[in-house]
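Read through the structure below, which is laid out as C-alpha cells, and then see the notes.
The values are calculated or read from the model by the stated rules, or taken from the named source; none is laboratory data. This one's a predicted model, so the numbers in the text were calculated from it and none came from an experiment. For neighbour counting, all protein chains shown are included, and Cβ atoms are generated from backbone atoms with ideal geometry for every residue, glycine included. All accessible areas refer to the heavy atoms of the entire protein, side chains included, with ligands and DNA or RNA removed. Shrake-Rupley method; radii C 1.70, N 1.55, O 1.52, S 1.80 Å.
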Amino acid sequence: MSDQGSSAENPYPVRAVAIRVAGWIDKLGTVWVEGQLTQINVRSSTAYMVLRDPAANMSLDISCPRDVLASAPVKLTEGTQVVVCGKPTFYTVRGSFSLRVSAIRAVGVGELLARIERLRRLLEAEGLFDPRLKRPLPFLPSTVGLITGRASAAEHDVTTVAAARWPAVRFAIRNTAVQGVNAVAQIVEALAALDADPEVDVIVIARGGGSVEDLLPFSDETLCRAIAACTTPVVSAVGHEPDNPLCDLVADLRAATPTDAAKKVVPDTAAELSLVRELRHRSAQALRNWVGREQRTLTHLRSRPVLADPLRALHQRSEEVDRARAAVRRDINRMVAVESDRIGHLAARLATLGPAATLARGYAVVQVFGEDEGAADILRSTADAPAGTRLRIRVADGAVGATSTGPTDGAA
C-alpha cells in the first residue's frame, strides 16, 4: 500500500488525492491576506468574492457568512482594499481552493498613504523620478493619445479645450476603467498600444478628482513602471490640483487638471498667430532700426571732408608744391645772382691784378730768346741779355722784336 501512486500500475484514486491535498491545506491554519475585492456575489447566507492582488495578475476565491460581509467597517464594493482573516480550504467535491473568511477589515486611508509613500521612496531610489529622464513634449503633435474613462468629463475637457486651441488636432482615444480592480490592467494595455503607434506623439492620462481609494490605481507600481518604460512622452492629468498620485512623478509632465493638460499639449492658435505677428513687427522694426543706423553712419562718413571733397587734399598739396617750387626757384635765382656778383667782383679783381692791366699802364714784358727759337724766358736781369741777345718786348697792344746792345749804366 505504501507504493500506491508511484507507478501507473498502482495509481491513487481521485478521492485519495483530494483528501490528501485537503489535509495538507488544512494544516496551514488561518492567515491574514490583503487585496482588492471583485465579483461580490451574495447568495442566501453566504457571500462569494474574489480577492485580487492589484500588483500582479493573481487572485483568490474567498467566501464568508453574509453577516461577516454586512458587519464590515465600511461598505464593501468592487475595488475596495481590504485585509481579511481566513482559513485556506480545499473543497474535495469540486477540487477547488478558496479562503473561508472570518473577519474583514478595510484598509484605512492612512495605511494607503503610508504604502504609497513607501512605494514613492522605492521608485525615487531607482531613479524613476529623475528630471533628466523627462522627455520634452513636441511643439505641435500630429496625434494626441488620450487614456480616460468612457464619456467622462476629463475626456470632454481635454478634447474640447485642445480643439479650441488648435482645431487641427487629432486624438487617439482609449477608454478604460479609471478606478477599481480592472483599471491598472486596462490603462497599462492602452498605454502600450498608444506607445507602439508611430503616429502618436504624446500620451495624456486623464481623470477627474476623487478620493484616495479612487485614485489608487494611478499610484500602482505596475502603472508607474509602464509609464517610465514608454518611449512616447506621457502627460499625467489625474485629479485636481491637491491630488498627487505617483504617476504624476513618473510622467514626463504633470498637469494639474485635464484642462491644464490640453493647454500644455497643444499650442493656442490665437496666441501663436499673435506671437508671429509680434515677431514680424519686431523683426521689421529691428530691420528698420538697423537700416536707419547704417544710413546715419553713411551720412556721417560722407560728411567728413575727405569724403565730401576727395580731391581737396590733393589741391592743398598741389598748392603747397607750387609754393615750394616758387620758393626754390626764387632761392636759386637769388643764389645765382649772388654768385654772379661774386664772380664779377673776382673777375674785376683778377683783371686789375693781371698783366694786361699792367701793360695798359705803359709797362712792358721783355722775353729773351734762347738757343731754341721757339722758347722765350722772361728777362729778369741785365746779365741775362748781353749784347746781341734777341729780345721780345710785349706791350699792351702787341709785341715787337729787338736786339740787346748790352748792359748800360742805369744812371744814364
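So, of the residues in region 263-285 that are open to solvent by less than 70 Å² (accessible area, probe 1.4 Å) and hydrophobic (A, V, I, L, M, F, W, C), which turns out to be nearest to V169 (Cα to Cα)?
V266
Take G79 and tell me if it is within 30 Å of A226 (Cβ to Cβ) and crowded, with 16+ Cβ neighbours inside 10 Å.
Judged against the criteria, G79 is a match.
Working carefully through the options R302, R288, find the one that is open to solvent by 70 Å² or more (accessible area, probe 1.4 Å), free of Cβ contacts under 8 Å to residues at least 40 places away in the same chain and out of contact with any helix residue (DSSP H, G or I) (no Cβ under 8 Å at 6 or more places or on another chain).
Just one listed residue meets the conditions, R288.
Would you confirm whether any residue within region 259-279 is within 26 Å of the chain's Cα centre (by Cα) and small (G, A, S)?
Taking every residue of region 259-279 in turn, at least one turns out to be within 26 Å of the chain's Cα centre (by Cα) and small (G, A, S).
Do you know which of the residues in region 382-398 that are surrounded by 14 or more Cβ atoms within 10 Å (Cβ to Cβ) and among the small types (G, A, S) is nearest to L359 (Cα to Cα)?
Only one residue fits best here, namely A396.
Pairs, please: C-beta under 8 Å, at least 6 apart or cross-chain, first residue open to solvent by less than 100 Å² (accessible area, probe 1.4 Å) and in region 313-334, second β-branched (V, I, T)?
Pairs found: A313/V306.
Does P267 satisfy being out of contact with any His (no Cβ under 8 Å at 6 or more places or on another chain), closer than 30 Å to A163 by Cβ and not in a helix (DSSP H, G or I)?
Yes, satisfied.
Specify the residue that is farthest from the chain's Cα centre (by Cα); the eligible residues are those in region 32-60 that are surrounded by 11 or more Cβ atoms within 10 Å (Cβ to Cβ) and touching a residue at least 60 places away in the same chain (Cβ under 8 Å).
V33
So which residues in region 137-169 are over 20 Å from I187 (Cα atoms), in contact with a strand residue (DSSP E or B) (Cβ under 9 Å, 6 or more places away or on another chain) and not small (G, A, S)?
Across region 137-169, the qualifying residues are L137, P138, P141, V169.
With a cut-off of at least 1 residues that are polar (S, T, N, Q) and open to solvent by 10 Å² or more (accessible area, probe 1.4 Å), name the helices (runs of 4 or more DSSP H) lying wholly within region 154-262.
Once the helices (runs of 4 or more DSSP H) in region 154-262 are filtered for at least 1 residues that are polar (S, T, N, Q) and open to solvent by 10 Å² or more (accessible area, probe 1.4 Å), what remains is 183-196, 221-229.
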